[in-house]
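Let me begin by presenting the structure, written as structure tokens, before commenting on it.
The values are calculated or read from the model by the stated rules, or taken from the named source; none is laboratory data. Note that the coordinates shown come from a computational prediction; the quantities given were computed from them, not determined experimentally. Using ideal geometry, Cβ is built from the backbone for each residue, glycine included, and neighbour counts are taken over all protein chains shown. When the accessible area is computed, the model is the full protein with side chains, heavy atoms only, and any ligands, DNA or RNA have been set aside. Shrake-Rupley method; radii C 1.70, N 1.55, O 1.52, S 1.80 Å.
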Amino acid sequence: TRTAGCMMTHKRKDHCVEHTDLRRWRLHVDHGRQTWHYLRTDAEVDTWPQTTSDKYHLGLPTDLPTQPQASSPLQCAKNGYNFFKELQLEDGHWGCEYGGPMFLIPGVVVTMYVTHTPIPDGWAKEITRYLVNRANPDDGGWGLHIEGHSTVFGTSLNYVALRILGMDAEHPVCVKARGLLHKLGGAIGNPHWGKFWLAVLGCYGWEGMNPVPPELWLLPEWLPLHPWRWWIHTRAVYLPMGYLYAERFTHPLDDLTRSLREELYVQPYESINFSKHRNTIAPVDLYAPHTRLLDVANNLLTGWVKYVRPKWLHTYAQNHAYSLIQHEDENTDYLCVGPVNNVMQALAVYHREGPSSYAFKRHVERFADFMWVSGEGMMMNGTNGVQLWDTAFAVQAAVEAGLAEEKGCRESLLRALEFLDDCQIKENCREQDKCYRQQRKGAWPFSTRHQGYTVSDCTAEGLKAVLMLQNLPSYPKLISDRRLCDAIDVLLTMQNADGGFASYEPIRGPYWLEKINPAEVFGKIMIEYSYPECSTAVLTALSLFRKRHPEYRAKEIQKTIDGIVRYLHNEQREDGSWYGAWGICFTYASMFATESLASVGLKYENSETQRKACEFLLDRQMDDGGWGETYKSCEMGVYSQHEKSQVVQTAWALLALMQAGCPDKEAIKRGMKLIMERQQPNGEWLQESIEGVFNKNCMISYPNYKLYFPIKAVGMYAHLCGDSLDE
Ligand code: LAN
């Protein structure tokens, strides 16, 4: 299979469910927006042919030509890019599935069900197929993510999704999953978010859920506890969740939910005293256990909500929360910052404004932005796409490989530049301060301009890509100097006191807030932190920018750079590594760190930091010349060796070594050979293990990493070390 995830353990199991005709699916793109469409008639099929990238993503044969066998690194890079450019979409960006998390589909399915939104037939079949394919082969359950062990959260919610989508309770897939769920103690052991979805559906008692009072938003803003100080995704989820919690939004009982009440638990539903189960969480689910502080706070809040809170305050808080919900909708054109708050906001809007309101209808249209069809079926993406991120790295890889002036690549890179131009955010949010938003004019987001959230490293990577292309004489200056300076202005608002950079905003809250992390399944979720990847991306971008524009805010840029370098020295572990929070794991962070240090002239020969980083990597090179790290590194914070070397991590390690200026040419050559051997005759590389992570415990796929990072690595080798691996 070509779809992302673990190639080694994964086999299709979907013969027992209905398929749609994959030759009828088409991806439509518009300013980065991605939506999949199922063509019903032959006439439509004739007028809208399936593209190569459609076929590739659907796992259908692409018939791309075999290329001349690469005998040198540069040829390998060219073959790789020749393949990759065939996947570029009409508006200049690259798309991909962005699956991994297994707690997203239930949110959209439950939301559509309880709002009586028809689930298109093609969606129902393909989501079902995806869930069947992604059930863990040994026990029939689902985990927090596609490579994770089965949990109550994953198993109970995806079971519910399958049932809503029409699967019979006696279907073998349901029987097996239910058997496992009962073995794990039933749905009662769900973590907080699982309890929430079941309560919405009417299959769990709201009194069994730890409180999420919307009144928190009324606290004075100087209080360290105020939600505006939380990490953006956390506050964005708890805002609509709090609104729905306060309303006790519950789907009226029907035949399906009556039956689910009996299927999900090991005891008769009526006999369950839910208020006793606020803190019942299955051990297999638990990653971040409650602290005493959290338990005490939950007890107090439970009493407050039940006995103390006056009605008027409830109403007042709900109105305030709803106005923030509206801001989020307006600022993102109903996409929202991510897939979890997206569907919760849709529910809140449905409750408040009804099914025929513009706001609700627009929300329903936007569900499609998150759904992706692959060879395994339809999944829900972790964001509305990876548009800017992948496009920026694709450009950087091509330029580093020296392909930007090649006839066959220029047209593709020009289109990529046009997309980067379109994707930069042009305006700040209305009432930015009222809705606690970071400055965004000039920033690049992770996905699309309409989603519109500033991300520090996305801004940096977008800026780098633009600078790299626009510095070449043969590319037009689509993005003016002023707009480049706007990007710098955003970055300069984002540095933390420790010198590092966080993801969306500078750190706003105190570290102890992590002690009231209510989510149980994620770590490091309450506040922003400085991250090596984000900090280093900014450092590299600032270095590149000031080469071209040495006069612009020079002193501040210097000070920012000094701060980041200090931060990186402090963050480096004894063994020479950095912990990567968004990719797996130490290998990922090393690539960014060495590149950024090199950008300020720190190399192997003059920097102990770089030497230690190189040694760390050299010590972990495998016998076949490659590198491979598993996601256990992220969970445990200790390097965990994969049983098989990985193309993506081999490319990261090689990039790190080359950027640091590591003198061990033999080690680098052995890695290069491995990358070249794994290249397919058509120029592509195949999917191996999952690449990305968030909140320490949930993995997420970056399928394009296996294409542009190898291209970048072999291309860089050709330019730095000569275009040959012999001698
Ligand atoms: C992402 C994806 C991109 C990622 C990088 C740019 C790679 C990183 O360097 C900064 C953080 C960021 C933007 C990021 C943050 C968290 C996201 C949005 C995700 C990992 C994709 C999915 C995840 C989101 C939180 C998923 C929903 C889950 C919740 C806990 C709300």
- Item | Residues that are in contact with a Leu (Cβ under 7 Å, 6 or more places away or on another chain) and either more than 9 Å from the ligand (Cβ to nearest atom) or under 18 Å from LYS547 (Cα atoms) (or both), drawn from the stretch 449-459 | HIS450, GLN451, THR459
- Of the residues that sit in the stretch 619-629 and are open to solvent by less than 50 Å² (accessible area, probe 1.4 Å) and out of contact with any Asp or Glu (no Cβ under 8 Å at 6 or more places or on another chain), which one is farthest from PHE522 (Cα to Cα)? GLY625
- Query: In this structure, does HIS182 turn out to be away from the ligand (no atom under 16 Å from the Cβ), in a helix (DSSP H, G or I) and modelled with pLDDT of 95 or more?
  - Reply: yes
- Tell me, please, whether a residue that is within 11 Å of the ligand (Cβ to nearest atom), hydroxyl-bearing (Ser, Thr, Tyr) and open to solvent by 20 Å² or more (accessible area, probe 1.4 Å) can be found in the stretch 509-522. no
- Read through the list (1) away from the ligand (no atom under 16 Å from the Cβ); (2) open to solvent by less than 10 Å² (accessible area, probe 1.4 Å), then give the number of the only condition that PHE196 fails. (1)
- Message: Name the single residue that is farthest from VAL714 (Cα to Cα) among those in the stretch 61-86 being of a type in the set (A, V, I, L, M, F, W, C) and more than 25 Å from the chain's Cα centre (by Cα).
- Response: LEU64
- Message: When the residues of the stretch 326-338 are narrowed to those that are touching a helix residue (DSSP H, G or I) at 6+ places or on another chain (Cβ under 7 Å), within 15 Å of the ligand (Cβ to nearest atom) and open to solvent by less than 10 Å² (accessible area, probe 1.4 Å), which ends up nearest to PHE694 (Cα to Cα)?
- Response: GLY338
- Message: I'd like to check which helices (runs of 4 or more DSSP H) are fully inside the stretch 47-141 and have at least 3 residues that are open to solvent by 30 Å² or more (accessible area, probe 1.4 Å) and closer than 23 Å to ALA401 by Cα.
- Response: 73-85
- Pull up the stretch 535-559, narrow it to residues that are part of a helix (DSSP H, G or I) and of a type in the set (Lys, Arg), then point me to the one that is surrounded by the fewest Cβ atoms within 10 Å (Cβ to Cβ). LYS555
- Message: Consider the stretch 510-531. How many of its residues are at pLDDT 95 or above and either of a type in the set (Asp, Glu) or at positive phi (or both)?
- Response: 2
- Of the residues TYR588, TYR579, TYR639, TYR604, which single one is open to solvent by 30 Å² or more (accessible area, probe 1.4 Å) and either among the small types (Gly, Ala, Ser) or within 16 Å of the ligand (Cβ to nearest atom) (or both)? TYR579
- Just wondering, is there one or more residues in the stretch 155-178 that are touching a residue at least 12 places away in the same chain (Cβ under 8 Å), more than 19 Å from SER259 (Cα to Cα) and crowded, with 21+ Cβ neighbours inside 10 Å? no
- Task: Out of ALA398, ALA392, report the one residue that is more than 16 Å from the ligand (Cβ to nearest atom), modelled with pLDDT of 95 or more, within 28 Å of LEU60 (Cα to Cα) and surrounded by 24 or more Cβ atoms within 10 Å (Cβ to Cβ).
- Result: ALA398
- Note on the structure: Scanning the stretch 676-725 residue by residue, those of a type in the set (Lys, Arg) and either within 16 Å of the ligand (Cβ to nearest atom) or surrounded by fewer than 24 Cβ atoms within 10 Å (Cβ to Cβ) (or both) turn out to be ARG678, LYS696, LYS706
- Before we move on, is LEU218 without any contact (Cβ under 8 Å) to a residue 12 or more places away in the chain, open to solvent by 20 Å² or more (accessible area, probe 1.4 Å) and away from the ligand (no atom under 14 Å from the Cβ)? no
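Per-residue answers, yes or no, for (1) part of a loop (DSSP other than H, G, I, E, B); (2) surrounded by fewer than 22 Cβ atoms within 10 Å (Cβ to Cβ); (3) among the acidic types (Asp, Glu):
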| residue | (1), (2), (3) |
| --- | --- |
| GLN438 | yes, yes, no |
| LYS441 | yes, yes, no |
| TRP444 | yes, no, no |
| HIS450 | yes, yes, no |
| GLY462 | no, no, no |
| MET468 | no, yes, no |
| CYS485 | no, yes, no |
- Note on the structure: Only unsatisfied item for GLU571, checking (1) of a type in the set (Asp, Glu); (2) touching a Pro at 6+ places or on another chain (Cβ under 6 Å); (3) over 24 Å from PHE393 (Cβ atoms), is (3)
- Message: Residue pairs, Cβ under 8 Å, 6 or more apart or interchain, first in the stretch 99-118 and over 17 Å from ILE690 (Cα atoms), second open to solvent by 10 Å² or more (accessible area, probe 1.4 Å) and of a type in the set (Gly, Ala, Ser). List them.
- Response: LEU104/GLY382
- Where residues in the stretch 470-483 are of a type in the set (A, V, I, L, M) and open to solvent by less than 50 Å² (accessible area, probe 1.4 Å), which of them is farthest from the ligand (Cβ to nearest atom)? LEU472
- Query: When the residues of the stretch 487-509 are filtered to those that are small (Gly, Ala, Ser) and in a loop (DSSP other than H, G, I, E, B), which remaining residue is nearest to the chain's Cα centre (by Cα)?
  - Reply: SER503
- Is there a residue being farther than 30 Å from GLN75 by Cβ, open to solvent by 10 Å² or more (accessible area, probe 1.4 Å) and within 16 Å of the ligand (Cβ to nearest atom) anywhere in the stretch 422-436? no
- Query: What tally of residues in the stretch 659-673 results from selecting those that are open to solvent by 10 Å² or more (accessible area, probe 1.4 Å) and either in contact with a strand residue (DSSP E or B) (Cβ under 8 Å, 6 or more places away or on another chain) or in contact (Cβ under 8 Å) with a residue 40 or more places away in the chain (or both)?
  - Reply: 8
- Query: Among the residues of the stretch 494-505 satisfying the criterion of being open to solvent by 30 Å² or more (accessible area, probe 1.4 Å) and within 16 Å of the ligand (Cβ to nearest atom), which is farthest from ARG235 (Cα to Cα)?
  - Reply: GLN495
